[in-house]
Amino acid sequence: MSAFEPGTDAHALRNSLDRPDIDLVACFCAAWCDTCREYRPKFDALAAQTPATVFAWIDIEDHPELLGEEDVENFPTILVQRGGRTVFYGPMLPHIGHLERLLATLDAGSPAVATRLPDVRGLLAA
């Protein structure tokens, strides 16, 4: 399965996030961004290979409420939440191998990172 999009896949996204033990990987992007368009198929492929994780593709212009006071200046910007905590948030080079390696290193014991993001998971699950 490919990454969910808020709005288009809202019902399926809510159902997938009902389980508190499921991880969330969100990519903040923009429709006009060529880098994002090139990255999307690889992100979708990783989502299909990782069914125990919810992947979300979030266009920041369509869903600014998911950023709150946070600014996204570089694409892609990735959010990873495990165990209800944000364990990574920041820009990432658009090479899917970097995200794969990051996900392999993060676990339930990874320290939380501070962001100014609202409760992205809660907003997507609402």
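The values are calculated or read from the model by the stated rules, or taken from the named source; none is laboratory data. Predicted model, so just to flag it, every value in this text is computed and none were measured. For neighbour counting, all protein chains shown are included, and Cβ atoms are generated from backbone atoms with ideal geometry for every residue, glycine included. Note: accessible area is taken over every heavy atom of the protein model, side chains too, but ligands, DNA and RNA are not part of it. Shrake-Rupley method; radii C 1.70, N 1.55, O 1.52, S 1.80 Å.
Of note:
- Contact order, relative form, for segment 9-125: 33 percent (alpha carbon pairs under 8 Å, 6 or more residues apart, mean separation divided by residue count).
- Å² of accessible area per residue within the chain, as computed with a 1.4 Å probe and no ligands counted: 51 Å²
- Residues with amide H under 5 Å from that of residue 86, placed H, sequence gap 5 or more: 113
- For the chain, the list of Cys residues with no other Cys C-beta under 4.7 Å reads 27.
- Net charge of neighbours whose Cβ lies under 11 Å from the Cβ of residue 7, counting Lys and Arg as +1 and Asp and Glu as -1: -4
- Per the Kirkwood formula applied to alpha carbons, segment 60-119 shows a radius of gyration over Rh ratio, Rg over Rh, of 0.97.
- Spin-label model, residue 48 to residue 104: label points 7 Å out along the Cα-to-beta-carbon direction sit 2.1 nm apart.
- 5 angstrom amide H check on residue 3, placed H, neighbours 5+ away: 44
- Under the combined filter of DSSP loop state and at most 13 neighbouring Cβ atoms within 10 Å, segment 52-126 retains these trypsin sites (Lys or Arg not before Pro): 116.
- Stretch gain in nm, segment residue 18-residue 65, where the contour uses 0.36 nm per residue and the Cα spacing is subtracted: 14.9 nm
- Springs between Cα atoms under 10 Å define the GNM used for the chain, and in it the highest mean-square fluctuation of 84, 109, 68 occurs at 109.
- Working note: Karplus 6.51/-1.76/1.60 with θ = phi - 60° gives segment 74-88 the couplings 10, 10, x, 10, 10, 10, 10, 10, 10, x, x, 10, 7, 10, 7 Hz, where Gly and Pro are set to x.
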